[in-house]
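A short write-up of the structure that comes next.
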Amino acid sequence: MYSTVLIVHSWLRWFTLATSVGAIVNATRPVPAGATRLPGKWWDTFFMLAVDLQMLAGLVLYFGLSPFTREAMSDVGTAIRIPAVRFWSIEHAGAMFAALVLVRVGRVAALHAADLRTGARRRLVCFVVSLAIMLAAIPWPGLAFGRPLFRWP
């Protein structure tokens, strides 16, 4: 079960990154004159869906299947001193949660802005920062805790 969820989580990464780029490109488009709402609602929705699915798979790993977090939860003090366990149990999970929150905040802040241009700017800033956090927290190959770009069954 662990390897199956890990494969799903790994492949969802690419869907999430692709929708984040699409949402960011969409957020850079100028607001048309006379528009009554922000354009590109579907990109925002797909981006939020991708981040939510990725987080769901990550939470299943985190709270149920991952040996790293099982070890971390058994002894937090020791887990903080072991770099690999600290990365998976605190740094990766915390950064990805922050990215999820930023995506949601960006969307809500854009919808509640005083004008559409301000809303578009808020959405763009939150989405870009969210993508930067995600890219920084992904275990890229070659890093100390790196994982393969594509997991295969």
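The values are calculated or read from the model by the stated rules, or taken from the named source; none is laboratory data. Keep in mind that this is a model prediction, so the values were computed, not measured. Cβ sites come from the backbone with ideal geometry, for glycine too, and all protein chains shown count toward neighbours.
Can you tell me which of 85, 8, 31 is under 22 Å from residue 144 (Cβ atoms), of a type in the set (Val, Ile, Thr) and touching a helix residue (DSSP H, G or I) at 6+ places or on another chain (Cβ under 7 Å)?
That would be 85, the only listed residue that is under 22 Å from residue 144 (Cβ atoms), of a type in the set (Val, Ile, Thr) and touching a helix residue (DSSP H, G or I) at 6+ places or on another chain (Cβ under 7 Å).
Taking every residue in segment 61-78 that is closer than 16 Å to residue 2 by Cβ and pairing it with any residue that is loosely packed, with under 12 Cβ neighbours inside 10 Å, at least 6 positions away or on another chain, the pairs with Cβ-Cβ distances below 7 Å are 65/1.
Kindly establish whether residue 89 is among the small types (Gly, Ala, Ser), modelled with pLDDT under 95, surrounded by 15 or more Cβ atoms within 10 Å (Cβ to Cβ) and more than 16 Å from residue 39 (Cα to Cα).
Numbers: among the small types (Gly, Ala, Ser): yes; modelled with pLDDT under 95: yes; surrounded by 15 or more Cβ atoms within 10 Å (Cβ to Cβ): yes; more than 16 Å from residue 39 (Cα to Cα): yes.
In short, yes.
Candidates in segment 19-33 are the residues that are in contact (Cβ under 8 Å) with a residue 24 or more places away in the chain and closer than 23 Å to residue 55 by Cβ; of these, the one that is nearest to the chain's Cα centre (by Cα) is 20.
In this structure, residue 115 does not qualify as under 28 Å from residue 143 (Cβ atoms) and either loosely packed, with under 14 Cβ neighbours inside 10 Å or acidic (Asp, Glu) (or both).
Only one residue in 34, 58, 40 is on the phi > 0 side of the Ramachandran plot and surrounded by 14 or more Cβ atoms within 10 Å (Cβ to Cβ). Which one?
On the way: 34 fails: surrounded by 14 or more Cβ atoms within 10 Å (Cβ to Cβ); 58 fails: on the phi > 0 side of the Ramachandran plot.
Residue meeting the stated conditions: 40.
Within segment 71-95, being closer than 20 Å to residue 138 by Cα and either over 19 Å from the mean Cα position of the chain (by Cα) or of a type in the set (S, T, N, Q) (or both) holds for 72, 79, 80, 82, 83, 84, 85, 89.
Being under 28 Å from residue 2 (Cα atoms), in contact (Cβ under 8 Å) with a residue 60 or more places away in the chain and crowded, with 16+ Cβ neighbours inside 10 Å is true of residue 130.
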